[in-house]
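Q: What follows is a single structure, and I will ask about it in a moment.
Bear in mind that the values in this text are calculations on the coordinates, not laboratory data. Remember, predicted model here, so these are calculated numbers, not experimental data. Ideal geometry is used to build each Cβ from the backbone, glycine not excepted, and the neighbour counts take in all protein chains shown.
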Amino acid sequence: MTAPYYFRRGWDREKLAEYILSRFSFVAKPSTVSDDLGSDFFCTLFRLEEKDGRDYPLPLSSFAIQIKSNDDPFDFSANITYLQNLEIPFFWGVLNEGTKRLSVFSGENLPVFFSHVGQVRKLKIKPLERRQMSTLYDPKEGSQYNYTVMFPMILNMDVDSTRQDLNGNVDTFQGMCSLIHRNISTRKTEEYIFDGYDGQSVTILAGSGSVRQYRNNFMKRLAEMGILFTTHMGILFTIVLGIQFTISMKTSTI
C-alpha cells in the first residue's frame, strides 16, 4: 500500500523550502522521522565573499526552523522541553506552494517567555505580522498553563529571489539570530536582561533568587570596569569582594 497523498504533499513542501533555504544557508535535517523533535531543518547562514574572481561562502549564525503550509496557530505542547533547552534561534516557516514563497516568523520572544512564566504545560505558536503583535505572549501574567507565544514575521523569500534580495535576507536573518543569541545567553547565565527588537527597549526580570544572582552579575560588571581602567593605566590587579576575580590584560576593539 502506498503512503497517503498528504504525506507526499508534505515531503514536496519540505523539499521546496529546503531549496529556498539552501540559497543562503547550509541546510541539514533529521535523518529519520523519529529524530524530528520540532525542527525540520538546521541551517547555518552564509554570505558570499568574492576572492580571486570566485564566490566563497562565509559561515555566519546557525538556527533551527519548522516548516508549515499555513500560518494558523499551532499546538507545540508535545515539544515544549525541546524549545526550552534549544540553544540556537528557532524560526517558523510558512511555505505558499502557489507562489513558491517562504515566509519566516521569528521565535525571538521564547527566551523571555520561558524565563518569565516558568512551568508550561500547553503552548501554541502564533505566526503573525509584527504590526499585529500587541503582546509578546498571552496571557502576560497569572498562573495559567495554556500559553500562546507570538512569532512575528521578519521576511519573505521567493524561489527566484535575486542575489541582492538574498543578501538583504541574510542581513535580516543574521541580525535576528544575533538578538536571539544574546537573549538565550542572558537566560542561560541567569542575568535576565533581554534586548528588544527595536534595539532600544530592554526587558528585565527579577524574582526570589535575584539578590544572589544580582551580586554575581555586579561582580562581573565591576571586574569589567576594572579591565577598562587598567587598560588605560597599564597595571594588573585583583578585585576581592567576597568573590575573587583575577583580571588578565587583553586589548579589545570594543
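Q: Taking 7 Å along the Cα-to-C-beta vector as the label spot, tell me the Asp75-Asp158 distance in nanometres, rounded to one decimal.
A: 3.7
Q: Which net charge results when you count Lys and Arg as +1 and Asp and Glu as -1 among the other residues whose beta-carbon is under 14 Å from that of Met176? Let's see the in-between values first.
A: Working: positive: Arg130, Arg182; negative: Glu108, Asp171, Asp195, Asp198.
Local charge sum for Met176: -2.
Q: Right, something else. Each residue of the stretch 110-117 in turn: what ³J(HN,Hα) in whole Hz from Karplus with 6.51, -1.76, 1.60 and θ = phi - 60°, glycine and Pro shown as x?
A: Coupling constants for the stretch 110-117: 5, x, 6, 4, 5, 5, 7, 8 Hz.
Q: Between Lys100 and Glu87, what is the label-to-label distance in nm when each label sits 7 Å out along the Cα-to-Cβ direction?
A: 3.9
Q: Taking every alpha carbon pair in the stretch 5-204, what does the distance histogram look like in 5 angstrom bins from 0, in percent?
A: Binned Cα distances yield the sequence 1, 7, 15, 20, 20, 16, 11, 6, 3, 1, 0, 0, 0.
Q: Just subtract the alpha-carbon distance of Ile204 and Lys15 from 0.36 nm times their residue separation and send over the number in nm, one decimal.
A: Details: separation 189, 0.36 × 189 = 68.04 nm, distance 4.06 nm.
Gain in length upon complete extension: 64.0 nm.
Q: Okay, next question. Expected output is a single nm value to one decimal: the length gained when fully extending between Asn216 and Phe42, i.e. 0.36 nm times separation in residues minus the C-alpha distance. What is it? Don't skip to the end; give the middle numbers.
A: Working: separation 174, 0.36 × 174 = 62.64 nm, distance 3.44 nm.
Fully extending the segment from Asn216 to Phe42 adds 59.2 nm.
Q: Can I ask one more? Taking the simple approach of a point 7 Å from Cα along Cα-to-Cβ for both Ala223 and Ser185, what is their distance in nm?
A: 1.5
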